[in-house]
Amino acid sequence: MTPAQVKPTISPELLNQSDIRVGTIESVSGVANSEKLVALRANFGDHVRTVWAGMKRERANPREIEASKRYSW
């Protein structure tokens, strides 16, 4: 897999407009009838959310990111 290119630096003003949250991915499951989507159950401490991500083809085992705190939205 080829890593994505690093994007250019953004201004502090634009960064201040962003809402970035970091959570723990509690579970990863496939989405029925989809070749790309997985459902990620993410715990943000004060709430839990399901996030769909098109990463089924990117990883041999998408469940390897469970309990990971490296991903944010």
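The values are calculated or read from the model by the stated rules, or taken from the named source; none is laboratory data. Quantities reported herein were computed from a predicted structural model and do not represent experimental measurements. Every residue, glycine as well, gets a Cβ built from its backbone with ideal geometry; the counts of neighbours run over all protein chains shown.
Here is a yes/no grid of residues against (1) more than 14 Å from the chain's Cα centre (by Cα); (2) not in a loop (DSSP other than H, G, I, E, B):
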| residue | (1), (2) |
| --- | --- |
| Gln5 | yes, no |
| Glu26 | no, yes |
| Thr50 | no, yes |
| Arg59 | no, no |
| Glu64 | no, yes |
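Name the single residue that is modelled with the lowest pLDDT among those in segment 39-73 being aromatic (Phe, Trp, Tyr) and exposed (fewer than 14 other Cβ atoms within 10 Å of the Cβ).
Trp73
Looking at Ile65, Ile10, Ile25, Ile20 in this structure, which one is in contact with a helix residue (DSSP H, G or I) (Cβ under 7 Å, 6 or more places away or on another chain) and aliphatic (A, V, I, L, M)? Break it down stepwise before answering.
On the way: Ile65 fails: in contact with a helix residue (DSSP H, G or I) (Cβ under 7 Å, 6 or more places away or on another chain); Ile10 fails: in contact with a helix residue (DSSP H, G or I) (Cβ under 7 Å, 6 or more places away or on another chain); Ile20 fails: in contact with a helix residue (DSSP H, G or I) (Cβ under 7 Å, 6 or more places away or on another chain).
Within the list Ile65, Ile10, Ile25, Ile20, the selection yields Ile25.
I want to confirm something. Restricting to segment 1-38 and keeping residues that are among the aliphatic types (A, V, I, L, M) and loosely packed, with under 12 Cβ neighbours inside 10 Å, which single residue is nearest to Lys56 (Cα to Cα)? The selected residue is Ala32. Among the residues of segment 17-66, just one is under 25 Å from Thr2 (Cβ atoms), without any contact (Cβ under 8 Å) to a residue 12 or more places away in the chain and among the small types (Gly, Ala, Ser), namely Ala60.
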